[in-house]
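J.: So that we are looking at the same thing, I have put the structure below in structure tokens.
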Amino acid sequence: MKLIGIVGGIASGKSFVSRAFQDLGAKWINADAMVHEVYRRPSVIQALSQRWGADVIDEQGQVDRARVAAIVFAPTDQASAELEWLESLVHPLVKDQIQQQLEVWRTDPDVRVAVLDAPVLLKAGWDQLCDELVFVEANESQRWARVQARGWSHEQWQQRELLQTPIAEKIARSTRTIDNNGSPEATHHQVRRIWEAITSDRIAT
């Protein structure tokens, strides 16, 4: 089994590309969904409430991710320290989940390819688990339109992007690129070409 890491700027279409690989038969690890699961753990809820108070816990006793984001992505020096603390808590737990899932799939001969979709893939060092890195390219105007659809301000977008691995580094460390500036069909065509190359390489080896 080969693991493909999907990287790109915020709102570049990483999840769209991941779903396209899934449509071809790949397994998909959605790290953001794993973060949701980690946030539901009592130990994590307790750690966050001890650090930031009851305001980050909603009426159902769950982590209010919007309030947490307001703390760790605020444009202040203190926010960087809070984000670093949060990542030190959450990233190892998510990595454990990723590795456990990969172990299961590696015992299944029908699983040929898996994709890992994680905004912090390089920052967290999870690229070390990957056989390939695919960069999803999208211009700023398209990404800004998608960010607006999420309800973010331009300042929020820029602040979060500053806290991720620089795009130039993502490009430099990737082994393949998908241009997601065109039609969905064009993106699917590129995904299929990469899929065929990767699966044929697997057969050859």
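J.: Can you tell me which of (1) aliphatic (A, V, I, L, M); (2) assigned to a helix (DSSP H, G or I); (3) more than 25 Å from Arg146 (Cα to Cα) is the one Leu83 doesn't meet?
T.: So Leu83 meets the others, but not (3).
J.: What number of residues within the range 137-163 are on the phi > 0 side of the Ramachandran plot and either part of a helix (DSSP H, G or I) or touching a residue at least 12 places away in the same chain (Cβ under 8 Å) (or both)?
T.: 0
J.: Does the range 24-63 hold any residues that are small (Gly, Ala, Ser), surrounded by fewer than 17 Cβ atoms within 10 Å (Cβ to Cβ) and either in a loop (DSSP other than H, G, I, E, B) or modelled with pLDDT under 95 (or both), and which are they?
T.: Those that are small (Gly, Ala, Ser), surrounded by fewer than 17 Cβ atoms within 10 Å (Cβ to Cβ) and either in a loop (DSSP other than H, G, I, E, B) or modelled with pLDDT under 95 (or both): Gly25, Ala33, Gly53, Ala54, Gly61.
J.: If you check every pair at least six apart or on different chains, which have Cβ atoms under 7 Å apart with a residue in the range 23-49 that is touching a residue at least 60 places away in the same chain (Cβ under 8 Å) and of a type in the set (A, V, I, L, M, F, W, C) first and a residue that is part of a loop (DSSP other than H, G, I, E, B) and surrounded by 13 or more Cβ atoms within 10 Å (Cβ to Cβ) second?
T.: Matching pairs, first to second residue: Ala31/Ala118.
J.: Of all residues in the range 123-141, which are surrounded by fewer than 20 Cβ atoms within 10 Å (Cβ to Cβ) and over 27 Å from Leu102 (Cα atoms)?
T.: Asn139, Glu140, Ser141
J.: Every residue in the range 164-180 that is basic (Lys, Arg) and outside any strand (DSSP E or B), please.
T.: The answer is Lys170, Arg173.
J.: Okay, moving on. Of all residues in the range 180-205, how many are under 18 Å from the mean Cα position of the chain (by Cα) and loosely packed, with under 14 Cβ neighbours inside 10 Å?
T.: Adding up the residues that qualify gives 0.
The values are calculated or read from the model by the stated rules, or taken from the named source; none is laboratory data. All of these numbers come straight from a predicted model, not from anything done at the bench. Here the Cβ is made from the backbone with ideal geometry for all residues, glycine too, and neighbour counts use every protein chain on show.
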